[in-house]
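Down below is the structure, laid out as structure tokens.
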Amino acid sequence: MAQFVLMGAILAVGLVPPDWPQAAQRALTVVGAVLAIAGASFAVWAGRTLGRSLTPFPKPVAAGLVTGGPFEIVRHPIYGGGLGLFAGYSMFAGVPSLVLTVCLGLLWAGKLRVEERLLTAVYDGYPAYRERVRRRLIPFVY
């Protein structure tokens, strides 16, 4: 699973140079910590909301379409929260982690497109849900 390899790589390269410039490290650490905590919290909330429907694979588990909680804000809150977590970590860790976080975001953007096709095929109500909840990952942005 490419996503888990990228996640591990993001964490691992954070332990090696280059770091952010010294003048920016304190501010980036504070902002990164807030972003990472918010992202992790959002992803955990979404995972708990999914319950038995939670799976690392794009194919949905036939446990019912979940549209409440964080799924009222964005259609893929676990991916969005995960990006917040890894972007926040990258703000603390350094440029290589941030580059890999962008790669993870691109991977997830492709994965969620596949997921949405599968969700549309499995759940009759998915197109209406997609119209109601316009953003995929990041509220008010994407």
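Tally time: how many residues in the stretch 89-111 are of a type outside the set (A, V, I, L, M, F, W, C) and within 12 Å of the chain's Cα centre (by Cα)?
3
When only residues in the stretch 49-76 that are touching a helix residue (DSSP H, G or I) at 6+ places or on another chain (Cβ under 8 Å) and in a helix (DSSP H, G or I) count, which is surrounded by the most Cβ atoms within 10 Å (Cβ to Cβ)?
Taking the stretch 49-76 first, the residues touching a helix residue (DSSP H, G or I) at 6+ places or on another chain (Cβ under 8 Å) are 49-50, 54, 56, 58-71, 74-76.
Imposing the further condition that a residue be in a helix (DSSP H, G or I) reduces the set to 49-50, 69-71.
Working: T49: 18, L50: 18, G69: 13, P70: 24, F71: 19.
Among residues in the stretch 49-76 that are touching a helix residue (DSSP H, G or I) at 6+ places or on another chain (Cβ under 8 Å) and in a helix (DSSP H, G or I), the one surrounded by the most Cβ atoms within 10 Å (Cβ to Cβ) is P70.
Which numbered condition in (1) free of Cβ contacts under 8 Å to residues at least 12 places away in the same chain; (2) more than 17 Å from the chain's Cα centre (by Cα); (3) surrounded by 18 or more Cβ atoms within 10 Å (Cβ to Cβ) is the only one that A27 fails?
(3)
If only one of Y129, Y79 is open to solvent by 20 Å² or more (accessible area, probe 1.4 Å), modelled with pLDDT of 95 or more, assigned to a helix (DSSP H, G or I) and not aliphatic (A, V, I, L, M), which one is it?
Y79
Can you say whether V16 is touching a residue at least 24 places away in the same chain (Cβ under 8 Å) and open to solvent by 80 Å² or more (accessible area, probe 1.4 Å), as far as the supplied structure shows?
Taking the combined requirement at face value, the residue does not satisfy it.
So P139 passes all but one of these: (1) outside any helix (DSSP H, G or I); (2) open to solvent by 60 Å² or more (accessible area, probe 1.4 Å). Which condition number does it fail?
Single failed check for P139: (2).
The values are calculated or read from the model by the stated rules, or taken from the named source; none is laboratory data. Note that the structure is predicted; figures quoted are calculated from it, not measured. Here Cβ is always computed from backbone atoms with ideal geometry, including for glycine, and neighbour counts include all displayed protein chains. Please note that ligands, DNA and RNA were not included when accessible areas were found on the heavy atoms of the full protein model with its side chains. Shrake-Rupley method; radii C 1.70, N 1.55, O 1.52, S 1.80 Å.
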